[in-house]
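Have a look at the structure below before the remarks.
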Amino acid sequence: MRTAIAALSITLALLFGVIAIAASAYAADDPVKIIAQSSFIDSENRLNVVGTIRNTGSMPVQVTMGLNVEDGNGSHTMQQPTYGRIIWPLNDSPFKFVVNGTAGKPFIMNVQQAEASNQLVLVLNYTSMAAGGDRAFVGTIKNTAPFDFHNVSIFASVRSDNWTQLDTVRSDVIPVLKSGEEKVFVAKPDPAVKSRTAYYSCAGIDFDAPIATIDAGNGKVISYDLRTISQISSMRYENANDSIAFGIRPYSPNGGPVSLKIPQFNQNQTLTVMLDGQPHNASIKGDGRTMYIDFFVPKGDHEVKIQGVKNVPELPSAAIALAAVTAVAIATTRFKAAFKLL
């Protein structure tokens, strides 16, 4: 079965998130575990320590790995985030340390719950088997969102034919991946492990957090900032009832809060939150530039509509209206890692 899975050409939709780290960290006994680790001496005679983290819990997390080393700077502890920006529930993310000296075993240094809203907008299409003489990880990435992504890179774990993790690789950075654009990526293993490379797993993506927009048709867009520890689907504008609509499923079994910001298009703007077709209790206020909508969604799958989104301006006016409000929040949410796919 493993061989069959490795041989398949895989098309996968990736989640992106605007991320903020919650104040509380996970405790030491929380279900975040190292499930694989190994090491090798690379082509520059450096020690490479690699491995994979698994999140068996019910909430997305961000993990910092630690490694005690002895090098030219004496004894100290190196710190590295996992390659996954967020490790989603029941998902994995690889990590890697490069050491000019000796090292002990890697350990989990810090785990924090990550607040993230996610949409199916980036699509990877790749063959997991190592390709060509370079035994490379190759494929394409497509941006199906109505906005651009910046500084995009793709990573994966390098595996031998007996499933041993040999290395962790990252592609060259794509400076801009425009809306609707598809590009080829290549990531190569270290020459020291190339001959043993059989396939790739734990594929994920890294990027700078974008200013998200919704296509309202006829060249019009609505920018937004959505914060929730939930999976979001089918984010859209419905012209017939002047609504922003989306599907939502909180990660927490107890449900969770949602915070949404959109431009305020007029001083007397009135919004209504509908949950599964019924009016839903929400805190709604505006400051003349931005509407702030906060509400709670119970567990399970639901459909949300924010009604009363009027007078949508032409591109790029909507993005400009919200940019000043979201710029600081977005700047604080940029991390250099990515996440593991199902």
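For the pair S58 and D134, a Förster radius of 41 Å applied to the C-beta separation gives a FRET efficiency near 0.55, rounded to the nearest 0.05.
The length gained by stretching the chain between K33 and T144 to full extension, at 0.36 nm per residue less their Cα-Cα distance, is 36.7 nm.
Only lysines eight or more places from K178 in sequence, or on another chain, were considered; those with a Cα closer than 24 Å are K142, K220, K261, K336, K340. Summary value for segment 26-98: 32 percent relative contact order, contacts being C-alpha pairs under 8 angstrom separated by 6+ residues.
Read-outs: derived from the displayed coordinates by stated rules, not from any lab. From a predicted model like this one, the values you see are computed outputs, not experimental measurements. Neighbour counts are summed over all protein chains in view; Cβ atoms, including those assigned to glycine, are modelled from backbone coordinates with ideal geometry.
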